[in-house]
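This report concerns only the one structure given below.
Every number in this text was worked out from the coordinates using simple rules, so none of it is lab data. Bear in mind the structure is a predicted one, so any value in this text is a computation, not a measurement. Note that each Cβ is placed from the backbone with ideal geometry, even for glycine, and that neighbours are counted across all protein chains shown.
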Amino acid sequence: MTNLLIAGGRVIDPASGLDRVADVAIAAGRVVEIGPALTRSPADRVVEAEGRIVCPGLIDPHVHLREPGQEQKETVRTGARAAVTGGFTTVCCMPNTSPAIDCPEVVKYVLDRAAHASCRVFPVAAATRARQGVEPTEFRLLAQAGAVGFSDDGDVIESAGVMLRVMREIAPLGMVFMQHCQDPTLTRGASMHSGTVSTRLGLIGWPRVAEEIIIERDVRLVAEARCRYHVQHLSSNGSVEIVRRARAAGLPVTAEASPHHLVLTHQACDGYNTNAKMNPPLRERGDIDAIRDGVADGTITVLATDHAPHTPDEKAAPFEDAPFGILGLETALPLYAEALVGSGAIGWPRLIELLTVEPARLCNLGRAHRGDEGLGELFVGGPGDVTVIDPDAPWTVGVDDLSSKSRNTPFLGREVRGRAVVTIVGGRVAHELAVTA
């Protein structure tokens, strides 16, 4: 295995508070030294990182890799390739596959496929059988098989009784339940945000309260069960306030924001643009401002792409019939930088924290649970997972920048700034854009 020296970059490790110009040496797949002006002689290769950010490998706790059963959209292999292109060294894949990831055998299948992937892949298992919201799965057996969390993502657990039972059974494991917050009785036939654009297009609108009412209900159940509870792809200003109150009350509640909900409004759906059709839907400027403020004040602690590939034929259907979802992995970093760093809401160290140590903590991937195998941090003896970022690199998103098997994104042609130029997984360069060796 190649010994690497990443030289002269701004090393940011939020877990330790490190933020200084330094070198990072990697040997035999592990970090062996961090410090200024390290000797170059042991290195087989030097990655010059002057003017760039060097940080722990980015982690995305919410992606859809579609395998098993929907390989025409994405596979573990192609999704991992998209991940390293975007600077992510670890992803956690959702269970809405065919069959669902609801038994140890399917968990092990995904992990077997991940063994040959470009990045680390951890499955999130279904919380109910076949994600039907009726019968809880075998949580302990799924955890033992390698699941890092539980969710019926793509569908909410509609029954409060089932939800409470799920929480009570997950709580002793110390693992997280991730909720797709959507009351289906309020969204039947809906395909975009309920507002002026849906009215003009003649489409059934999707109200904010459909998301907020589930979070409000679940927060009360968390107070009863004390289960770690995570709100996925939060989209509403009211949802931010509910989570803020829950966290202020000391409840184990966290939430995530996705890049599209930080930079796009429902106006992107104009002209029946199916590439802007997503679940939950794009909303209004006030919602974007509230989500950004929630990130800034610590209400929202995780950033996650909800990478959701679909085929061109599927997205070519009429708006009401086209599937929800957008690619996220390749374009997330510059969009987060635009929405959060460019706006002054947070700085790069906090952005890195939201993309590394926080998602690692969410899915029990950090040192507290995995010791020297812990992810989301840069430490001597730890895994050689590193992302090198050029924060000032301007680029225009094009088809050739997408490594996913699918192409469903409204960001093609968008001018952005900031990019992962090198992604290193376990000491191996998994992606390289433009470096001087």
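Which Rg and Dmax, in Å, describe the Cα atoms of the chain?
Taking only Cα atoms of the chain, I get Rg and Dmax of 20.6, 67 Å.
Please find the FRET efficiency linking Met1 to Thr199, where r is the Cβ-Cβ separation and R0 is fixed at 60 Å, and quote it to the nearest 0.05. Could the numbers behind the result be given before it?
On the way: r = 59 Å, r/R0 = 0.98.
Efficiency, from the Cβ-Cβ distance: 0.55.
Considering only the other residues whose Cβ falls under 12 Å of the Cβ of Ala15, what net charge follows from Lys and Arg at +1 and Asp and Glu at -1? Spell out each step's value before the answer.
Working: positive: Arg361, Arg367; negative: Asp13, Asp19, Glu353, Glu358, Glu377.
Here the count lands on -3.
Would you mind computing Rg(Cα) / (2.2 N^0.38 Å) for region 365-437, counting N as its residues?
1.38
Ignoring solvent entirely, what values of log10 I(q)/I(0) come out of the Debye formula for region 1-74 at 0.14, 0.17, 0.20 Å⁻¹ when each Cα is a single scatterer?
With one equal scatterer per Cα and no solvent, log10 I(q)/I(0) is -0.55, -0.68, -0.80.
Taking the mean number of other Cβ atoms within 10 Å as a proxy for protection, how do you rank 48-58, 193-203 from highest to lowest?
Values: 48-58: 23.6, 193-203: 16.5.
Result, highest mean Cβ count within 10 Å first: 48-58, 193-203.
log10 I(q)/I(0), Debye, Cα-only region 179-263, no solvent, q = 0.14, 0.22 Å⁻¹?
Results for region 179-263 at q = 0.14, 0.22 Å⁻¹ read -0.51, -1.03.
Would you mind putting 181-192, 360-371, 87-98, 235-246 in packing order, based on average other-beta-carbon counts within 10 Å, highest first? Mind showing how you got there, number by number?
Numbers: 181-192: 17.1, 360-371: 19.4, 87-98: 26.6, 235-246: 22.2.
So the peptides 181-192, 360-371, 87-98, 235-246, ranked by packing, come out 87-98, 235-246, 360-371, 181-192.
What number does region 212-306 give for Rg over Rh if you use C-alpha atoms and the Kirkwood radius? Kindly include the intermediate steps, with their values, before the conclusion.
Numbers: Rg = 13.7 Å, Rh = 13.6 Å.
In region 212-306, Rg relative to Rh is 1.00.
Where the only charges are on Cβ atoms (+1 Lys, Arg; -1 Asp, Glu), what is the dipole of region 57-372 about its Cα centre, to the nearest 20 debye?
That gives region 57-372 a dipole magnitude of about 600 debye.
Among Val32, Val219, Val107, which one moves the most in a GNM of the chain with springs linking Cα atoms closer than 10 Å?
Val32
Highest first, please rank the peptides 120-132, 342-354 by the mean number of other Cβ atoms sitting within 10 Å of their residues. Walk me through the numbers on the way to the answer.
Details: 120-132: 23.3, 342-354: 18.3.
Sorting 120-132, 342-354 by mean packing, highest first, produces 120-132, 342-354.
Give the order of Tyr109, Tyr336 when sorted by the count of other beta carbons within 10 angstrom, beginning with the fewest.
On the way: Tyr109 18, Tyr336 25.
Least to most surrounded, the residues fall as Tyr109, Tyr336.
Which of Arg419, Arg40, Arg208 ends up with the largest GNM mean-square fluctuation for the chain, with Cα atoms connected below 10 Å?
Arg40
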